[in-house]
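Read the structure below first, then the notes.
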Amino acid sequence: MRRIRNIGIFAHVDAGKTTLSEQILSHAGAIRITGSVDSGTAHTDNLPVERRRGISVKATCVSFNYRDVQINLIDTPGHVDFSAEVERSMWALDGAVLVVCAAEGVQPQTEVLFDAMVKQDIPVVFFINKTDRENADIYKVTEQIKRFLTPRAVMLSDTDSLCEMICESRDDLLERYLEGESFTKSFLLQNLKELEGTDRAYPVLCGSALKNIGIEELLDTVVDYLPEPDLVEKTCGVVFAAQQDKNLGRGVWVRLYGGALENRDVITVTHGEDPISGEEKTQQYKITQIYDADLTPVGRMSAGDICIVYGLGDIRIGQILGDEKSLKRNIESGKLRTPLITARVIPADPDKMQELRRACGILSGEDPLLGVQYIRLLNELHLSVMGTIQLEIIEEILRTRFDLIVTFDKPAIIYKETVSSPCIGYVAYTMPKPCWAILKFEIEPAERGSGVTFSSTVPLSKIMACYQHQVEQAIPIALNQGRLGWQVTDVNIRLVDGEHHLVHTHPLDFIVATPMGIQDGLRRGGSTLLEPILDARFILPSEFMGRVMSDVAAMRGEVLDTVYDGDRVILDTLIPVQSSMDYSITLAAFTSGRGAMSIKLRGYKECPLELGCTAKRRSVDPLDTSKYILAARGALEGNIFNLD
């Protein structure tokens with residue numbers, strides 16, 4: 001029986017993660033010559049842009065054997081702009097190695113990564129890297145791991161601490177220890193591996209990837225401590241990444257948790273609900289080829305495998321194959337980071353706008369959090385991204401991969417909006433015939449961060465169940481842009497009255513009418529602009545604390561907590577995106593690179609309109625009734641859900 005380990009390597013930027021991956025491949029005999037990030041020869045940096053810039057942009061999976069165990073290793077990007085790649089990689093893993101720099105210690109991004117792994121119940125091994133650095137301090141960093149990440153971290157080289165941690169969780173072993181029995185290290189490691197839940201332990205190792213120190217011990221720990229795949233009986237897998245092959249087309253990376261897939265297998269997946277019947281829509285795909293992580297055609301994958309599958313067309317990232325209830329991972333995008341800025345992308349040749357739309361559509365298929373919006377009314381294309389570094393990478397990819405020269409307008413913040421006061425929205429869509437859909441909504445502001453709720457008190461005798469279902473289906477369309485031009489959130493919507501007509505009601509009339517009724521209510525209730533607020537953590541030498549606290553106040557932010565850690569200080573703050581977009585550059589400049597900053601979205605809060613902005617309308621305004629009805633009816637033959 002095959003023995004497998006599916007692991008990922010994670011780290012904050014510049015912790016030496018890719019160099020470590022190279023040394024692991026070298027020790028396992030998978031490569032003859034160790035590549036270098038600086039020289040652009042790293043084996044896990046496959047894209048030309050990665051080799052030129054010396055940074056990882058895409059997660060990369062490689063496979064090798066060590067001690068008769070097949071190890072599928074996913075090397076992930078370190079820069080926060082590519083957190084979506086990191087997040088999706090976790091869907092495929094059974095264990096992880098989290099790299100921490102021995103000189104810089106636990107950084108804000110380290111904590112973000114570790115918290116995400118804990119939520120996914122992924123066992124973690126810490127590797128303290130760069131111990132050859134002059135200012136390296138292994139014991140200080142270990143204490144930081146215990147203090148800021150988990151008290152259950154334990155140095156594997158410290159047998160006494162290892163024994164103590166295990167005995168704290170195992171009464172039978174504690175009794176044997178107190179009776180004078182001594183335990184071998186292999187015995188302790190095996191029992192360490194069996195600790196779960198709140199008792200789970202996190203081994204800590206140290207070394208230097210650059211100097212080739214500690215690599216073999218890390219590999220041994222991966223095999224001995226990190227778990228084998230937890231297989232399930234039914235066929236079950238998840239699509240966690242995509243890539244394009246010039247000959248085979250679009251391929252998707254699949255982690256299979258149970259069952260098997262073979263060439264020519266037909267897969268049926270769900271694609272939402274039919275807007276008319278309310279029934280779940282399905283689509284079938286036929287597998288044309290299966291490649292392993294070494295890019296070798298294998299034709300079959302079994303439970304526990306990670307492979308590239310071709311023939312699944314435009315299947316979305318995050319799609320679950322087979323039995324969804326058997327999946328071992330919580331598949332949610334945007335938990336590590338969500339797009340907060342948008343920028344207009346402009347082709348150098350205006351005649352190539354359609355080519356640019358297709359290219360950006362392909363990139364969006366490989367990264368679902370890359371938002372692509374085409375404003376037909378203005379012939380403009382806008383991208384929603386994580387940060388400015390991602391825009392630079394996209395610009396280079398469009399040039400090298402698609403032969404498209406583009407520029408970007410200055411990035412703008414993605415705001416949201418909500419209704420200011422309770423209101424009534426009404427529409428009587430009865431002309432021009434044939435049509436009949438009358439709706440009355442009660443709309444009210446909701447608690448911040450609660451999202452959108454919809455309910456109905458209308459009897460089925462007035463509006464049939466299938467039509468009420470259409471109203472609910474159309475709510476996202478209606479709220480896509482509010483009166484300020486941004487997505488509407490934090491509202492409670494209740495359908496309180498209306499009627500259909502047995503003769504005149506067209507099957508999609510209520511989908512057309514819903515945005516008109518909702519927008520009528522939003523106009524009556526007024527709009528409140530909401531701006532994104534960040535949880536920002538700063539780690540910096542204590543002499544810069546006063547400057548940063550002053551800057552936070554100037555950015556309309558607040559300091560939540562201050563923790564002193566030797567000669568450095570940790571500040572937890574809340575700051576608006578609007579005033580802090582370029583602050584990481586400022587921080588690096590005045591601290592000479594010694595200060596670190598990590599961010600994650602806390603939520604949205606009210607913002608005066610003069611401090612924010614409105615957005616251009618991407619489609620016909622539903623309150624411009626005649627023009628909207630013509631546009632909507634023209635879209636009925638296509639996809640009513642893409643009115644823009």
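Within region 159-209, track down each residue that is part of a loop (DSSP other than H, G, I, E, B) and either open to solvent by less than 40 Å² (accessible area, probe 1.4 Å) or at pLDDT 90 or above (or both). First the steps, then the outcome.
In the first step, residues of region 159-209 are kept if they are part of a loop (DSSP other than H, G, I, E, B); the result is 170, 179-184, 194-196, 200-201, 207, 209.
Within region 159-209, Phe183, Leu195, Arg200, Ala201, Gly207, Ala209 meet the criteria.
For region 146-155, check the following and say yes or no: at least one residue is of a type in the set (Ser, Thr, Tyr), part of a loop (DSSP other than H, G, I, E, B), surrounded by 15 or more Cβ atoms within 10 Å (Cβ to Cβ) and modelled with pLDDT of 90 or more.
From region 146-155, those of a type in the set (Ser, Thr, Tyr) are 150; that's our starting set.
Those left that are additionally part of a loop (DSSP other than H, G, I, E, B): 150.
Right, trim to surrounded by 15 or more Cβ atoms within 10 Å (Cβ to Cβ) and you get 150.
Checking the rest, the ones that are also modelled with pLDDT of 90 or more come to 150.
Yes, region 146-155 contains at least one residue that is of a type in the set (Ser, Thr, Tyr), part of a loop (DSSP other than H, G, I, E, B), surrounded by 15 or more Cβ atoms within 10 Å (Cβ to Cβ) and modelled with pLDDT of 90 or more.
Is there a residue in region 422-430 that is closer than 23 Å to Tyr604 by Cβ and exposed (fewer than 15 other Cβ atoms within 10 Å of the Cβ)? Break it down into steps so the answer makes sense when it comes.
Initially, region 422-430 is screened for residues closer than 23 Å to Tyr604 by Cβ, giving 422-423, 425.
Subset that is exposed (fewer than 15 other Cβ atoms within 10 Å of the Cβ): 422.
Yes.
Scanning region 270-302 for residues that are closer than 26 Å to Asn72 by Cα and at pLDDT below 90, which turns out most open to solvent (accessible area, probe 1.4 Å)?
Leu295
So which of Ser579, Ser584 ends up being under 27 Å from the mean Cα position of the chain (by Cα), over 22 Å from Leu113 (Cα atoms) and polar (S, T, N, Q)?
Details: Ser584 fails: over 22 Å from Leu113 (Cα atoms).
Step by step, each of Ser579, Ser584 is checked, and only Ser579 is under 27 Å from the mean Cα position of the chain (by Cα), over 22 Å from Leu113 (Cα atoms) and polar (S, T, N, Q).
Step by step: first the residues of region 68-83, then only those that are under 15 Å from Ile599 (Cβ atoms) and among the hydrophobic types (A, V, I, L, M, F, W, C), then the one that is farthest from the chain's Cα centre (by Cα). Which residue is that?
Per the stated criteria, the residue is Val80.
For Ser89, indicate whether it is in a helix (DSSP H, G or I) and at pLDDT 85 or above. Full working, then the answer.
Values: in a helix (DSSP H, G or I): yes; at pLDDT 85 or above: yes.
The answer is yes for Ser89.
Could you count how many residues in region 450-489 are under 30 Å from Gly612 (Cα atoms), open to solvent by 50 Å² or more (accessible area, probe 1.4 Å) and in contact with a strand residue (DSSP E or B) (Cβ under 7 Å, 6 or more places away or on another chain)? So that I can check it myself, show each step before the final result.
Of the residues in region 450-489, the ones under 30 Å from Gly612 (Cα atoms) are 450-454, 474-489.
Remaining after also requiring open to solvent by 50 Å² or more (accessible area, probe 1.4 Å): 450, 452-454, 476, 480, 483, 487.
Still in the running and in contact with a strand residue (DSSP E or B) (Cβ under 7 Å, 6 or more places away or on another chain): 452-454, 480, 483, 487.
Looking only at that region, the number is 6.
Restricting attention to region 244-264, report how many residues are within 30 Å of Arg67 (Cβ to Cβ) and open to solvent by 60 Å² or more (accessible area, probe 1.4 Å).
Number satisfying all stated conditions: 1.
Only one of (1) within 21 Å of Ile341 (Cα to Cα); (2) out of contact with any Phe, Trp or Tyr (no Cβ under 6 Å at 6 or more places or on another chain); (3) surrounded by fewer than 20 Cβ atoms within 10 Å (Cβ to Cβ) fails for Arg358. Which number is that?
Among (1) within 21 Å of Ile341 (Cα to Cα); (2) out of contact with any Phe, Trp or Tyr (no Cβ under 6 Å at 6 or more places or on another chain); (3) surrounded by fewer than 20 Cβ atoms within 10 Å (Cβ to Cβ), the lone unmet condition for Arg358 is (1).
Kindly indicate which of Glu392, Glu447 is open to solvent by 20 Å² or more (accessible area, probe 1.4 Å) and modelled with pLDDT of 95 or more. Show your work before the answer.
Numbers: Glu392 fails: modelled with pLDDT of 95 or more.
One residue alone meets the criteria, Glu447.
Check off (1) under 30 Å from Glu194 (Cβ atoms); (2) open to solvent by less than 30 Å² (accessible area, probe 1.4 Å); (3) under 22 Å from the mean Cα position of the chain (by Cα) for Ile317 and give me the number that stays unchecked.
Single failed check for Ile317: (1).
Which residue out of Leu378, Leu383, Leu312 is touching a residue at least 40 places away in the same chain (Cβ under 8 Å), in a loop (DSSP other than H, G, I, E, B) and open to solvent by less than 10 Å² (accessible area, probe 1.4 Å)?
Testing whether each residue is touching a residue at least 40 places away in the same chain (Cβ under 8 Å), in a loop (DSSP other than H, G, I, E, B) and open to solvent by less than 10 Å² (accessible area, probe 1.4 Å) leaves just Leu312.
Is there a residue being acidic (Asp, Glu) and touching a Gly at 6+ places or on another chain (Cβ under 9 Å) anywhere in region 66-84? Spell out how you get there, then give the answer.
Going through region 66-84, the residues acidic (Asp, Glu) turn out to be 68, 75, 81.
Going one step further and asking which of them are touching a Gly at 6+ places or on another chain (Cβ under 9 Å), we end up with 75, 81.
Yes, region 66-84 has at least one match.
The values are calculated or read from the model by the stated rules, or taken from the named source; none is laboratory data. Remember, predicted model here, so these are calculated numbers, not experimental data. Note: ideal-geometry Cβ built from the backbone for every residue, glycine included; neighbour counts use all protein chains shown. Only protein heavy atoms, including side chains, enter the accessible area calculation; ligands, DNA and RNA are left aside. Shrake-Rupley method; radii C 1.70, N 1.55, O 1.52, S 1.80 Å.
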